[in-house]
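The values are calculated or read from the model by the stated rules, or taken from the named source; none is laboratory data. Fair warning: this is a prediction, and the values are worked out from it, not measured in the lab. When we count neighbours, we look across all protein chains shown, and the Cβ atoms used for this are built from the backbone with ideal geometry, even at glycine.
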Amino acid sequence: MERAIIRLQTLARPATGLRARLHLLPLLRLWRQRLRTRRQLAQLDDRQLADIGISRSERSAELDKPFWR
């Protein structure tokens with residue numbers, strides 16, 4: 001029983017130091033990818049948007065989102 005309690009307490013502690021940084025890396029990569037993708041989307045003309053099946057209003061809605069969404 002004590003082992004189970006120790007494990008639960010270990011899991012409940014917030015990540016610190018290196019562990020915290022390792023958890024942040026995938027999130028930072030995702031945010032960077034979203035920024036890059038939205039920049040590319042902003043550069044597409046109407047013909048290119050039609051080719052990929054996105055309307056101007058859908059593009060505008062995507063471009064208005066903050067990078068964390």
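Filter region 25-41 down to the residues that are closer than 28 Å to Ala61 by Cβ and among the hydrophobic types (A, V, I, L, M, F, W, C) and list them by number.
Residues satisfying the conditions are Leu27, Leu28, Leu30, Trp31, Leu35, Leu41.
Tell me, which residue of region 21-69 that is among the polar types (S, T, N, Q) and not in a loop (DSSP other than H, G, I, E, B) is nearest to the chain's Cα centre (by Cα)?
Among those residues, the one meeting the criterion is Gln33.
A quick yes/no check of all residues on (1) modelled with pLDDT of 95 or more; (2) surrounded by 11 or more Cβ atoms within 10 Å (Cβ to Cβ):
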residue: Gln9; (1), (2): no, no
residue: Leu18; (1), (2): no, no
residue: Thr37; (1), (2): yes, yes
residue: Gln40; (1), (2): yes, no
residue: Gln43; (1), (2): yes, no
